[in-house]
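Colleague: Take a look at this one; I'll ask things after.
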Ligand code: PMP
């Protein structure tokens, strides 16, 4: 598209430096300006309609244009637009949401700390774990074990937990307190002939060997997304979480579940911890907590962690950590209303039901010549494109074919996400079966366009 002088597009290129964007390419092609949204659809400034099959960034559970969230925000803005939660101050929406989160979350999580973003929440997790081990007089027990392919955000600390090159190359990350272990993706990392069960055993043994090599008295925590999102929608082997938890318990290593994408119904259960029987010491949530109508995240943690930390705050004077907007009244009010909508409309059950249709539909692409693997659970799924189905060889350069498909999908009125050559789907939880069929039909057209282009030798 030509960028007209003084257009929104030209001003965007001139003034706004974008996250996750190739700046030079952006200068050439300009932005896609999204103007409004309704339900599972968004509309660009040219009036074109798209099905938002990634729910924004995996987050708009109740869909776009939900008036109840607008009203909740408006009411709170009028009553108390801002107040903080530092030094014994509080306000009703933050209190109500903290109570609600403790009551709805898996057993054993009894306390809530609010942040604005998932990255800040994961930074908070690291600081809680460090503070906790200092409180217990274990000053050496500070390392975190995370997984290759994991995503925990992009701040200096959270970006160190993340196990993706794109977030670390050029940024001098990760910091040295993190060790990354093998990504639990059977298709890519299992050995020839290795069953899912044996693969899970091997990864648990690797975790144990890593803890022993580092010294158990130096390892504070293990962090993982139950189902990895940004790393390519990777569902672990069934017994993986059970096995890694056993290892963590053996060495007094905290288990942290990052449910920033998984939480609040995405997998067809309220939390992924239910799906995989995870009993975390700390749980991180964000995104679908407000359907991203407001920025909000939270760390939930056990009473054992709380008690040690609380004693330490008394020794040190106070807990010297928190954000100006921790528990922001408008964000927490919107969160409460959003969770009420998820409950009243049965959106978790909808994710299970409609999710089955998504998974069955995606599975029909497994025989396509470009498709190496189809995977997913509930209302999150992915299709991985490969150069050679038999050898699983990736395309060279990686990401070129994924980007081509992503752009064809947009031409067909479908927004998905291309993670290198993996196409991810994560539609709003309100999506209907008919809309899922439409997502699949549009994707199928884009896939066929891509196949024709690949067969033609990928002309520029
Ligand atoms: N953890 C996970 C699992 C995520 O998917 C994300 C965001 N995609 C984050 C943390 C970071 O959240 P934020 O972008 O709000 O910092």
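Colleague: Working only within segment 32-75, note down all residues that are over 25 Å from residue 12 (Cα atoms) and within 16 Å of the ligand (Cβ to nearest atom). Spell out the reasoning first.
Modeller: Step one: list which residues in segment 32-75 are over 25 Å from residue 12 (Cα atoms), which gives 39-40, 61-63, 66-75.
Answer for segment 32-75, where residues must be over 25 Å from residue 12 (Cα atoms) and within 16 Å of the ligand (Cβ to nearest atom): just 61.
Colleague: Based on what the data block shows, is residue 373 in contact with a helix residue (DSSP H, G or I) (Cβ under 9 Å, 6 or more places away or on another chain) and under 16 Å from residue 232 (Cβ atoms)? Give the steps one after another, and end with the answer.
Modeller: Working: in contact with a helix residue (DSSP H, G or I) (Cβ under 9 Å, 6 or more places away or on another chain): yes; under 16 Å from residue 232 (Cβ atoms): yes.
When the stated conditions are applied, residue 373 passes them.
Colleague: Residue check, residue 30 against (1) modelled with pLDDT of 95 or more; (2) exposed (fewer than 15 other Cβ atoms within 10 Å of the Cβ), all met but one. Which one?
Modeller: That leaves (2) as the condition not met.
Colleague: Going residue by residue through segment 387-403, is there one that turns out to be in contact with a helix residue (DSSP H, G or I) (Cβ under 6 Å, 6 or more places away or on another chain) and either under 19 Å from residue 58 (Cα atoms) or in a loop (DSSP other than H, G, I, E, B) (or both)? Can you show your working first?
Modeller: Filtering segment 387-403 for residues in contact with a helix residue (DSSP H, G or I) (Cβ under 6 Å, 6 or more places away or on another chain) gives 395.
Filter once more, keeping what is either under 19 Å from residue 58 (Cα atoms) or in a loop (DSSP other than H, G, I, E, B) (or both): 395.
Checked segment 387-403: at least one residue is in contact with a helix residue (DSSP H, G or I) (Cβ under 6 Å, 6 or more places away or on another chain) and either under 19 Å from residue 58 (Cα atoms) or in a loop (DSSP other than H, G, I, E, B) (or both).
Colleague: Out of the residues in segment 272-298 meeting the condition of being assigned to a loop (DSSP other than H, G, I, E, B) and more than 13 Å from the ligand (Cβ to nearest atom), tell me which one is farthest from residue 322 (Cα to Cα). Can you show your working first?
Modeller: Restricting attention to segment 272-298, the residues satisfying the condition of being assigned to a loop (DSSP other than H, G, I, E, B) are 277-281, 286, 290-296.
Next, only the ones that are more than 13 Å from the ligand (Cβ to nearest atom) stay: 277-281, 291, 293.
Values: 277: 31, 278: 27, 279: 26, 280: 22, 281: 20, 291: 23, 293: 22 Å.
Out of the qualifying residues, it is 277.
Colleague: Can you tell me how many residues in segment 196-222 are over 20 Å from residue 139 (Cβ atoms) and touching a residue at least 60 places away in the same chain (Cβ under 8 Å)?
Modeller: Number satisfying all stated conditions: 2.
Colleague: Kindly indicate which of 265, 232 is out of contact with any helix residue (DSSP H, G or I) (no Cβ under 8 Å at 6 or more places or on another chain), more than 18 Å from residue 125 (Cα to Cα), part of a loop (DSSP other than H, G, I, E, B) and within 16 Å of the ligand (Cβ to nearest atom).
Modeller: Details: 265 fails: out of contact with any helix residue (DSSP H, G or I) (no Cβ under 8 Å at 6 or more places or on another chain).
The match here is 232.
Colleague: Scanning for something surrounded by 15 or more Cβ atoms within 10 Å (Cβ to Cβ), modelled with pLDDT of 95 or more and part of a helix (DSSP H, G or I), does segment 41-56 turn up at least one residue? Walk me through it before giving the result.
Modeller: Looking only at segment 41-56, we keep the residues that are surrounded by 15 or more Cβ atoms within 10 Å (Cβ to Cβ), and these are 41-44, 50-56.
Within this subset, residues satisfying the condition of being modelled with pLDDT of 95 or more are 41-44, 50-56.
Filter once more, so that each one left must be part of a helix (DSSP H, G or I): 55-56.
Yes, there is a match, as at least one residue in segment 41-56 is surrounded by 15 or more Cβ atoms within 10 Å (Cβ to Cβ), modelled with pLDDT of 95 or more and part of a helix (DSSP H, G or I).
Colleague: Now a separate question. Against the condition in contact (Cβ under 8 Å) with a residue 40 or more places away in the chain and either away from the ligand (no atom under 16 Å from the Cβ) or not in a helix (DSSP H, G or I) (or both), how does residue 307 come out, does it pass?
Modeller: On the way: in contact (Cβ under 8 Å) with a residue 40 or more places away in the chain: no; either away from the ligand (no atom under 16 Å from the Cβ) or not in a helix (DSSP H, G or I) (or both): yes.
No, not satisfied.
Colleague: Next up: Residue under question is residue 25, and the condition is that it be in a helix (DSSP H, G or I) and either touching a residue at least 12 places away in the same chain (Cβ under 8 Å) or out of contact with any strand residue (DSSP E or B) (no Cβ under 6 Å at 6 or more places or on another chain) (or both); does it hold?
Modeller: Yes; evaluated as a whole, the condition is true for this residue.
The values are calculated or read from the model by the stated rules, or taken from the named source; none is laboratory data. The structure presented is a predicted model; accordingly, all values stated were derived computationally and were not measured. All Cβ positions, glycine included, derive from the backbone under ideal geometry; neighbour counts span all protein chains shown.
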